[in-house]
Amino acid sequence: MAEQIIFYVLAIVIVVFSILSVSSKRILRSATYLLFVLLATAGLYLLMGYQFLFGVQISVYAGGIMVLYIFSILLTSHAGDKAKSVSWKRLLLAGIAAIAGLAVCGHIIFHNVYKVVEAVAAEPTMQEIGKAMMGTEKNQYLLPFEAISVLLLACIIGGIMIARKR
Amino acid sequence: MSNIPLAGYLIVSAIMFFAGVYGFLSRRNMLTILMSLELMLNAADINFVAFNKFLYPGQMDGAFFAMFAIGVSAAETAIAIAIIINIYRNIKNIYVDEVNKMKY
Amino acid sequence: MSYTLIIVALPFLMFLFLGLVGGKMKPVVAGLIGTTGLIISTVLSYIAAGSYFFSVGKIGETYQTIVPMNFEWLRFTDKLHIDLGIMLDPISVMMLVVITTVSLMVHIYSFGYMKGERGFQRYYALLSLFSFSMLGLVIAPNIFQMYIFWELVGVSSYSLIGFYYTKPSAVAASKKAFIVTRFADLFFLIGILVLSFYSGTFSFRDLTSPAGCAFAQSITDTFMGWSVVSWAMMLIFIGGAGKSAMLPFHIWLPDAMEGPTPVSALIHAATMVVAGVFLVARMFPVYIFGAPDVLTIITYIGATTALFAAVIACTQTDIKRVLAFSTISQIAYMITALGVSGYGAHEGLGYMASMFHLFTHAFFKALLFLGAGAVIHAVHSNEMDSMGGLRKYLPITHITFLIACLSISGIPPFSGFFSKDEILVAAFEKNQIVFWCLYFCAGLTAFYMFRLYYRIFWGDNNKVYQHTPHEAPASMTIPLIFLAALTCVVGFIPFSEFISTDKTVFHTHIEWSIASLSILVAVTGIAIATWMYRKKNTSSDKVTASIKGLYTAAYHKFYFDEIWIFVTKKIIFNGISQPVAWFDRHVVDGFMNLQSTITNYLSRKIKFTQSGEIQDYAWAFMMGAVVIISLLVFI
C-alpha cells in the first residue's frame, strides 16, 4: 500500500512537472521543473528496485546535466527574460501531435499490457551489476561500457573544440 | 511484493514522453527544446527499466540499456550545449527560427 | 624495310613540331624545317622503291607483298581485328615515290609562292600533316587503317582549302569539299562494314589473296537482287568517287581551287584525288572476282565523267578551274582504265595503264598547277581575260607549261602519251564504246589545254599590264624545271615490268595503230585551238555562238551545283529537315515544356511544406509515426 502511495505521488510529480516544464514561460523555471521530473524518475527506479540506476540518474542527470543546463541558461539569457511568444497555430499543432500520440500509446497500453503484473521480484545486487559491467561473457557489457567511455572522451574533446573562443 | 501494474509505469512514461514532444514542437528556445529532448529520453529509460523488471526479471539488459542511454544523453547534451553557446556567441540569441544562415 | 616507318612518321613529327612551336619561329625557318623533313622522307622512299623493285620485293618474276610491321590495335574477334602497320607492294611503293616527290616540289615551290603570307608556318604544318596522312593511306595494310588516313586526308585537305580563312569563298569551298567527301565516305564506311562482316577480315592481304577472292565469289547472300559483295564494293567505290571527284560528287573539286595554288597542285592534282583510284586498284582482285558487275558500272561512270569534265573544261575562263576539270577528266581516265581491266598478265593491261597514268599525271598535272601558280603570281588574277602574251615575260614558265600541255595532250615523246596510249589500248580491247568516248576526250583534252596555253601565253600580245609581269623566283622555277624534266622522261619507264594485277612482270609495246590515231586526234585538237586562240580573233566567238546552248550549259557546269542545291535545299531541307525540325520543336519540346510547366506549378503549390524549420519537419515526422502506428494497431 505504501508503495502504491509512493508511486502515485511520484507519478503525479512527474506528470505535473513535465507539463509545467514544457509550458513555463520562464526558462529557469522550466529547468527547475525538469530537475523535479528527473528526481521523481530516479524515485521510480528506486521503487522498482534498481538502486544503482537510481544513483546514476541522480548523479548524472540531476547532478551533471542539470548543472550544465543552469550554466548555459545563465550564459545565454538575461534576468526576467520570457520565452519568445509562439503563435497559437503552432501550439495547437504541437498539442494535436502530442495528444494524438498519447491517445495511440494509451490505447495500446490499455488493450495490451494492462494485465501484466509484477512477476518475481529479483533485485540485482551491486556485485552482480559490477560483474555484468566488467565481463565479456553472455549478458555482460564490457564492450558497450568501453564504447560509452570512448564516446564520452570524444564528446569532451568535441565540446572543447566547439565552444572554445576563436 | 507490490501490486503496481506495468501499465502504470508505462502511462507515466507516455505522458512524460508526449509532454516532451509538445515541448519540442512548440518551444523556440534551443535550450528548452533540448530539455524537452531530455524528457523524452527519460521516458524511454523508464520504459526500458519497467519492461526489464516486469517481463525479464532475471536479467539486467533493460537496466543496462537505461544506463548507457543516460551516458549517451549526457554526452549529447554536452555537445549540444557547446553548439548552442557557440551559436549564441555568433548571433546573440538561441532561437531556433533565427538560425537560418545555413539554409541558403 | 622497316625504315619505311620513318617516311610516314617524319612528316607527322614535322606537323606536330611546326604546329606546336612553328608560330614562335621565323617563317623561313619553319619552311626549311618542314622541307628538310620531307627531303629525308623523299630520299628514303626512293631508297625503298629501289630496293623493293630491284632486290627485296622481286622474287623471280613476281613481286612480293611485304609487311615490315604490323601490330594489333583493336581486337573484335580472333579473325576480325584492326591493325596498324605498313604494307609494301608495287602500287604502294609507287605511290610513296609520287607523293613524296610532288610534295617536296610543292614544299620548295611554296617558299616563293607563299612568301610573306600570314600563317606561313601553319601552312607548312598543314602540308606536313597532309603528306603524313596521304603516305599513311597508301601504305595501309588493312582497309580500316586506310579509312582512318582517308579521313585524315579529308581533314587536312579541308584546312588547306580554307587556308585563307578570312575569305568567305574559301571557307565555303572548304566546307563544301569536306561535306561532299564526307558524305561519300559514309558509304565507304558502310561498305567496309558490310565487306568485313561477310569476309571476317580487314586485311588487304587476306582480301586480295586468291583465297579471299574465292571467298568473295562464294558468297551467295543477296540484297535487292545484288550480291552483298557487289553492294559492299559499290559502296566502297562511292567513297572513292567522292575523293576522286567522279560524277556526281565532282562538285567540290572546282571550288577547292580557292586554296593556295601549290595546295591545288599537291592535293587536287597529284595525290588526294587519286586516292579513289588507288582504293579501287587496291581492292582490284575483289572487284574483278567478287563484283565484276560493279566494275562495269565503274567503267561507265569513269567514261561519262571523263567526257563531261572535258566538255566543261573547254568553257571555263578561270585557269585553275580549267585545270580542275582537266584533273577530273584525267582521274576518270584512270578509273575507266581500271574498269576495263581484266586479271592476269596482259589481261590486266588496264590496271597497269591506270597506275601508269596516275604516275605520269601526278607529275605533269602538278607541273601545270605550279605553272598556273607562277602565272597567277605574275598577273595577280585567275581569269584568262586578264592574261595574254605572257611568253615574253615568263620564259621558263612558258616552256615548262608547254611541255606539260603536250604531255597531257598525248604527244610523244612526253610521258602522257605513253600512259594514255596504254589506257586507250586497254579500252579498245575491252569495250569499243568506252574507247571512242575516251578517244574523243583525248581530242577535247588537247583542245582545252591548248586553249588555256594560248590564252595565257599568246593571244592578245599587246596586252597592257598594270605591273609588268616578271618571272617567278628560283624557288618556284626549280620545281617547274624538275617536274618538266620528269615529264619528259618518266614515259619511258617500262611500267608493266613493275606493276601488274597479279604482281607478275609482263611486257608491253606501243600499239602504233591506236597510238597514231590518238596522236592524230591530239594534233587535231591542238590545231583547232591554234586556229581559234593563237591570235586574238573572232573565230572562237563564232564557234561559241553556233553551239550556244551546249556552251552555256557547259559554262554553268551542266548545272550540277544547282541540282545539288536543289536536292539538298529544296527536297531534303524542305521535305525532310523542316518537318523533323517542326516535330522536334513543337511535339518533342512541347512535351518537355509541358512536363516542366506541370512540375513548376505543382512545386509552387507544395513549396510551403519546405519551410526549412526543423520543428515543422519534426511535426511531420511525429504525425507520420502516429498515423503509421495507428494503422498497424487498428487495422
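The values are calculated or read from the model by the stated rules, or taken from the named source; none is laboratory data. Fair warning: this is a prediction, and the values are worked out from it, not measured in the lab. Heads up, the Cβs are rebuilt from the backbone with ideal geometry, glycines too, and the neighbour counts pull from every protein chain shown. The accessibility values were calculated without ligands, DNA or RNA, using every heavy atom of the protein model including side chains. Shrake-Rupley method; radii C 1.70, N 1.55, O 1.52, S 1.80 Å.
I'd like the full set of residues that are over 19 Å from B:Ile81 (Cβ atoms), not basic (Lys, Arg) and not in a helix (DSSP H, G or I), limited to segment A:47-87. The answer is A:Gly49, A:Tyr50, A:Ala79, A:Gly80, A:Ser85, A:Val86, A:Ser87.
Yes/no per residue for (1) surrounded by 16 or more Cβ atoms within 10 Å (Cβ to Cβ); (2) within 10 Å of chain B (Cβ to nearest Cβ); (3) in contact with a strand residue (DSSP E or B) (Cβ under 8 Å, 6 or more places away or on another chain); (4) at positive phi:
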{"site": "A:Gln4", "(1), (2), (3), (4)": "no, yes, no, no"}
{"site": "A:Val9", "(1), (2), (3), (4)": "no, no, no, no"}
{"site": "A:Ser21", "(1), (2), (3), (4)": "yes, yes, no, no"}
{"site": "A:Ile27", "(1), (2), (3), (4)": "yes, yes, yes, no"}
{"site": "A:Tyr50", "(1), (2), (3), (4)": "yes, yes, no, no"}
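Figure legend. Inter-residue proximity from segment C:611-635: first residues over 19 Å from B:Asn29 (Cβ atoms), second residues of a type in the set (S, T, N, Q) and loosely packed, with under 12 Cβ neighbours inside 10 Å, beta-carbon distance below 8 Å, spacing 6+ or different chains. Indicated pairs: C:Ala620/C:Thr609. Against the test of being under 25 Å from C:Leu550 (Cα atoms), crowded, with 24+ Cβ neighbours inside 10 Å and of a type in the set (A, V, I, L, M, F, W, C), the options C:Ala281, C:Ala270, C:Ala306 yield a single qualifying residue, C:Ala306. Inside segment B:56-96, can you point out the residues that are of a type in the set (S, T, N, Q) and over 13 Å from the mean Cα position of the chain (by Cα)? Within segment B:56-96, B:Gln59, B:Asn86, B:Asn90, B:Asn93 meet the criteria.
Could you please find all residues in segment C:57-85 being farther than 19 Å from C:Phe204 by Cβ and not basic (Lys, Arg)? Across segment C:57-85, the qualifying residues are C:Ile59, C:Gly60, C:Glu61.
Does B:Val49 meet the test of being more than 30 Å from A:Ile5 (Cβ to Cβ) and either more than 8 Å from chain A (Cβ to nearest Cβ) or not polar (S, T, N, Q) (or both)? Judged against the criteria, B:Val49 is not a match. Listed by position, the helices (runs of 4 or more DSSP H) contained in segment C:140-246 that have at least 3 residues being farther than 24 Å from C:Asp502 by Cβ are C:143-161, C:168-199, C:228-244. For the condition of a type outside the set (Asp, Glu) and either touching a residue at least 60 places away in the same chain (Cβ under 8 Å) or over 27 Å from C:Gln316 (Cβ atoms) (or both), C:Lys557 qualifies. Contact annotation: residue pairs with Cβ atoms under 8 Å, 6 or more positions apart or on different chains, pairing a residue in segment C:325-353 that is part of a helix (DSSP H, G or I) with a partner that is surrounded by fewer than 24 Cβ atoms within 10 Å (Cβ to Cβ) and of a type in the set (Lys, Arg), are C:Gly350/C:Lys430.
Could you count how many residues in segment B:53-72 are closer than 25 Å to A:Gly159 by Cα, surrounded by fewer than 21 Cβ atoms within 10 Å (Cβ to Cβ) and of a type in the set (Gly, Ala, Ser)? Total satisfying the criteria: 2.
Taking segment A:122-166 as the range and being more than 8 Å from every other protein chain (Cβ to nearest Cβ), within 25 Å of the chain's Cα centre (by Cα) and outside any helix (DSSP H, G or I) as the test, the residues that pass are A:Glu123, A:Thr125, A:Gln140. Residue count for segment C:378-421 under the criterion of being assigned to a helix (DSSP H, G or I), open to solvent by 50 Å² or more (accessible area, probe 1.4 Å) and over 14 Å from C:Leu483 (Cα atoms): the result is 4.
Only one of the numbered conditions (1) free of Cβ contacts under 8 Å to residues at least 40 places away in the same chain; (2) more than 8 Å from chain B (Cβ to nearest Cβ); (3) farther than 12 Å from B:Val49 by Cα is not met by A:Tyr61, and that is (2). Within segment C:462-470, not a single residue is part of a helix (DSSP H, G or I) and surrounded by fewer than 20 Cβ atoms within 10 Å (Cβ to Cβ). The residues in segment B:62-104 that are more than 20 Å from A:Ile162 (Cβ to Cβ) and more than 7 Å from every other protein chain (Cβ to nearest Cβ) can be counted, and the count is 4.
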